[in-house]
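The structure appears right after this line, and notes come after that.
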């Protein structure tokens, strides 16, 4: 015959066992969530010339996951990153998302390197209803119109364009010139740029075009010189950008040069221009506040270096770190009883400061899922890049 | 007036490079009656080879130029021997497709060998990049080096064509391959030299151009199209025509950008191709179009 005490212990044990069994069954119901791990997928370029947008950013994500796991994981679950190569190609990106969702059965995705590939994958992500945090792609079309599954921690192209105008105004520019590529990449930035200028009643003194294959920009430099522009907003890749600056230098022009993240590394760009002092007034936006040489991110940089000794260190590592910290914060906020809806609810109004982003990441569902509205401005200072300011958009 | 002078200088410098590439296209076309669509990519490979010698191995620029030209000569000869000779009997379409295939192979090779160093690779300038004044016009010494180099290569090539036995054999073969064979000219060997020399010229253009631009695996195609426009404008079969056509394309680009709009600068060469093909298919220096009856 059982005593009262033994009865209580038996009932308690039964209840605990039932709760554990329920929890396990629940975890098994949610794709990518097990008792002791959460599988997170990532897609982006792992190979080819655009590997830095994908592979290096993922390295940053993995560094955060490793640190979180060392500290016990998220609500007791270790984070596992599953990588897929989209080769910067939309069709491959769609296949990568399908593989992550249906074969790898990941819980959520953090990724997106090349914008065109991520744009291609957007319908599949929405169809599969999988939470997705964008870490590097900048095209506005990825997050607009707002989709409940997709949030971006990267400064998007329209944010960059608006920031370029703000930077020029902040620097006291009176005559602003625009030099842009009119391909698909350039047009997605040119249009919001011109809209922002119009909104502020600013008419560019010259509005010029270059192509990525131009080897001489004497024409553009002559027109800029005769316009008396004191700031140039560049919507250009590094190659035409370097060609333009060489031509400006030839004509003795030295305006403020405001680029976009297509020229992400001002130190490398200065070497490409290869003319001393020609890039003294050159700045480019960055989603992150630091560069890998800054002491503030030393711990992270050493961790990445240790984990991926064969990969170069890059600003993209820092972007991955910031983005992963946002995801981890949302996963923690979603609680131990994790579901995709809870993660999305946590992302919807998240407000988090990271170790690398220039400003607070604030998602404002359903108005905007472009959560990083604060680009930093960086320029070359010898062999280092330094942050020269931060633009906070309203 | 000052603007015109700048545009003239810019157009001539760019045009000289188009002329060099157009020269290679024309040489091969004259001999094979086929357009070598890999010519721009052979140019690109020449630039990367020079980069390897000059930047990675630290050899002097002139030595790198000569080695790149030599390598281009060997690549052109190998391409003819391996890919094109077997296809010559199968018609022009086969050769055309082979040149497109070679173009992709060269791009892939460049990505595999020189990729991963950044999107665009800088080639150090040969002279002080500070501009110098010529009668009030500011020019960078690099521009003058490019122009002088291009003119020198053209002069060497013209002399080779006119004064050497091989040059004359190439001309004879280009004019009438069957007749050349009948009089004992080793036509197969002449074809090898034709591709080799065409590629060597492309490589010399690449080494001259590299310091004023940045290298990347896709640099060849657009340059090829613009130079092809120059070759078509010159008549496609005329060596002087290729030079004049290339220079004109450079000038048209500069002047249209300067006096019309930068929006039309890039497309002006395509407009020229269309115009010439429709209204003047024999080009400026090409012979009358003959029809076999």
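The values are calculated or read from the model by the stated rules, or taken from the named source; none is laboratory data. Remember, predicted model here, so these are calculated numbers, not experimental data. Here the Cβ is made from the backbone with ideal geometry for all residues, glycine too, and neighbour counts use every protein chain on show.
Those residues that are in contact with a helix residue (DSSP H, G or I) (Cβ under 9 Å, 6 or more places away or on another chain), assigned to a helix (DSSP H, G or I) and free of Cβ contacts under 8 Å to residues at least 12 places away in the same chain, I need them from region B:260-274; list them, please.
Of everything in region B:260-274, those that are in contact with a helix residue (DSSP H, G or I) (Cβ under 9 Å, 6 or more places away or on another chain), assigned to a helix (DSSP H, G or I) and free of Cβ contacts under 8 Å to residues at least 12 places away in the same chain turn out to be B:262, B:263, B:264, B:271.
Determine whether residue B:221 is within 14 Å of chain A (Cβ to nearest Cβ), assigned to a helix (DSSP H, G or I) and either touching a residue at least 60 places away in the same chain (Cβ under 8 Å) or closer than 30 Å to residue A:270 by Cα (or both). Step through it out loud before you land on a result.
On the way: within 14 Å of chain A (Cβ to nearest Cβ): yes; assigned to a helix (DSSP H, G or I): yes; either touching a residue at least 60 places away in the same chain (Cβ under 8 Å) or closer than 30 Å to residue A:270 by Cα (or both): yes.
Yes; evaluated as a whole, the condition is true for this residue.
Got a sec? Which of A:225, A:242 is surrounded by fewer than 23 Cβ atoms within 10 Å (Cβ to Cβ) and either assigned to a helix (DSSP H, G or I) or at the interface with another protein chain (Cβ under 7 Å from one of its Cβ atoms) (or both)? Steps first, please.
On the way: A:242 fails: surrounded by fewer than 23 Cβ atoms within 10 Å (Cβ to Cβ).
One residue alone meets the criteria, A:225.
Does region A:55-72 hold any residues that are more than 17 Å from residue A:292 (Cα to Cα) and either within 14 Å of chain B (Cβ to nearest Cβ) or touching a helix residue (DSSP H, G or I) at 6+ places or on another chain (Cβ under 9 Å) (or both), and which are they?
Going residue by residue through region A:55-72, those that are more than 17 Å from residue A:292 (Cα to Cα) are A:65-72.
Within region A:55-72, A:65, A:66, A:67, A:68 meet the criteria.
Looking at A:186, A:252, can you tell me which residue is crowded, with 22+ Cβ neighbours inside 10 Å, within 13 Å of another protein chain (Cβ to nearest Cβ) and either over 29 Å from the mean Cα position of the chain (by Cα) or assigned to a helix (DSSP H, G or I) (or both)?
Working: A:252 fails: crowded, with 22+ Cβ neighbours inside 10 Å.
Among A:186, A:252, only A:186 is crowded, with 22+ Cβ neighbours inside 10 Å, within 13 Å of another protein chain (Cβ to nearest Cβ) and either over 29 Å from the mean Cα position of the chain (by Cα) or assigned to a helix (DSSP H, G or I) (or both).
Just one of B:154, B:169 is farther than 27 Å from residue B:106 by Cβ and surrounded by 14 or more Cβ atoms within 10 Å (Cβ to Cβ); which is it? Talk me through it step by step, then tell me what you get.
Numbers: B:154 fails: farther than 27 Å from residue B:106 by Cβ.
Checking each option against the conditions leaves just B:169.
Return the residues of region A:228-239 that are at the interface with chain B (Cβ under 7 Å from one of its Cβ atoms) and more than 24 Å from residue A:162 (Cβ to Cβ); say none if nothing qualifies.
Once the filter is applied, which keeps residues that are at the interface with chain B (Cβ under 7 Å from one of its Cβ atoms) and more than 24 Å from residue A:162 (Cβ to Cβ), region A:228-239 yields only A:239.
Can you say whether residue A:172 is on the phi > 0 side of the Ramachandran plot, in a loop (DSSP other than H, G, I, E, B) and away from chain B (no Cβ under 12 Å), as far as the supplied structure shows?
Details: on the phi > 0 side of the Ramachandran plot: yes; in a loop (DSSP other than H, G, I, E, B): yes; away from chain B (no Cβ under 12 Å): yes.
So residue A:172 fits the description; yes.
Yes/no matrix, rows are residues, columns are (1) surrounded by fewer than 23 Cβ atoms within 10 Å (Cβ to Cβ); (2) within 11 Å of chain B (Cβ to nearest Cβ); (3) assigned to a loop (DSSP other than H, G, I, E, B):
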residue	(1), (2), (3)
A:177	no, no, no
A:215	yes, yes, yes
A:220	no, yes, no
A:261	yes, no, yes
A:264	no, yes, yes
A:279	no, no, yes
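Filter region B:222-246 down to residues that are surrounded by fewer than 24 Cβ atoms within 10 Å (Cβ to Cβ) and more than 11 Å from residue B:19 (Cα to Cα), then give me how many there are.
5
Of all residues being touching a strand residue (DSSP E or B) at 6+ places or on another chain (Cβ under 9 Å) and part of a loop (DSSP other than H, G, I, E, B) in region B:119-144, which is modelled with the lowest pLDDT? Just the residue, please.
We begin by selecting, within region B:119-144, every residue touching a strand residue (DSSP E or B) at 6+ places or on another chain (Cβ under 9 Å); these are B:119-123, B:131-133, B:138-141, B:144.
Filter again for part of a loop (DSSP other than H, G, I, E, B), leaving B:119-120, B:123, B:131, B:140.
Details: B:119: 63, B:120: 76, B:123: 84, B:131: 75, B:140: 77.
Ranking the candidates gives B:119 first.
Against the conditions (1) within 14 Å of chain A (Cβ to nearest Cβ); (2) touching a helix residue (DSSP H, G or I) at 6+ places or on another chain (Cβ under 6 Å); (3) under 27 Å from residue B:2 (Cβ atoms), where does residue B:244 fall short? Just the number, please.
(1)
Looking at region B:244-278 only, could you name the residues that are more than 19 Å from residue A:217 (Cβ to Cβ) and at pLDDT 90 or above? Can you show your working first?
Looking only at region B:244-278, we keep the residues that are more than 19 Å from residue A:217 (Cβ to Cβ), and these are B:244-248, B:270-278.
Listed by number, the residues that qualify are B:244, B:245, B:246, B:247, B:248.
If you take the residues of region A:228-239 that are within 12 Å of residue A:208 (Cα to Cα) and free of Cβ contacts under 8 Å to residues at least 60 places away in the same chain, which of them is surrounded by the fewest Cβ atoms within 10 Å (Cβ to Cβ)? Break it down stepwise before answering.
Residues of region A:228-239 that are within 12 Å of residue A:208 (Cα to Cα), as a first pass: A:232-236.
If we keep only those that are free of Cβ contacts under 8 Å to residues at least 60 places away in the same chain as well, we get A:232, A:234, A:236.
Working: A:232: 32, A:234: 24, A:236: 29.
If we take residues in region A:228-239 being within 12 Å of residue A:208 (Cα to Cα) and free of Cβ contacts under 8 Å to residues at least 60 places away in the same chain, then A:234 is surrounded by the fewest Cβ atoms within 10 Å (Cβ to Cβ).
Checking residue A:205 against (1) surrounded by fewer than 24 Cβ atoms within 10 Å (Cβ to Cβ); (2) within 13 Å of chain B (Cβ to nearest Cβ); (3) more than 26 Å from the chain's Cα centre (by Cα): exactly one of these is not met. Which one?
Here residue A:205 clears every test but (2).
Can we say residue A:136 is touching a strand residue (DSSP E or B) at 6+ places or on another chain (Cβ under 9 Å) and either surrounded by 24 or more Cβ atoms within 10 Å (Cβ to Cβ) or in a helix (DSSP H, G or I) (or both)? If you could, list the steps in order and put the result at the bottom.
Working: touching a strand residue (DSSP E or B) at 6+ places or on another chain (Cβ under 9 Å): yes; either surrounded by 24 or more Cβ atoms within 10 Å (Cβ to Cβ) or in a helix (DSSP H, G or I) (or both): yes.
Criteria met by residue A:136.
Quick check on my filter: what residues within region B:149-166 are over 15 Å from residue B:203 (Cβ atoms) and either touching a residue at least 12 places away in the same chain (Cβ under 8 Å) or not in a loop (DSSP other than H, G, I, E, B) (or both)?
Residues satisfying the conditions are B:151, B:155, B:158, B:159, B:160, B:161, B:162, B:163, B:165, B:166.
Which of (1) more than 23 Å from the chain's Cα centre (by Cα); (2) under 20 Å from residue A:385 (Cα atoms); (3) buried (at least 23 other Cβ atoms within 10 Å of the Cβ) is the odd one out, the single condition residue A:271 does not satisfy?
(3)
Mind checking which residues of region B:1-31 are surrounded by fewer than 24 Cβ atoms within 10 Å (Cβ to Cβ) and away from every other protein chain (no Cβ under 12 Å)?
Selection gives B:1, B:29, B:30, B:31.
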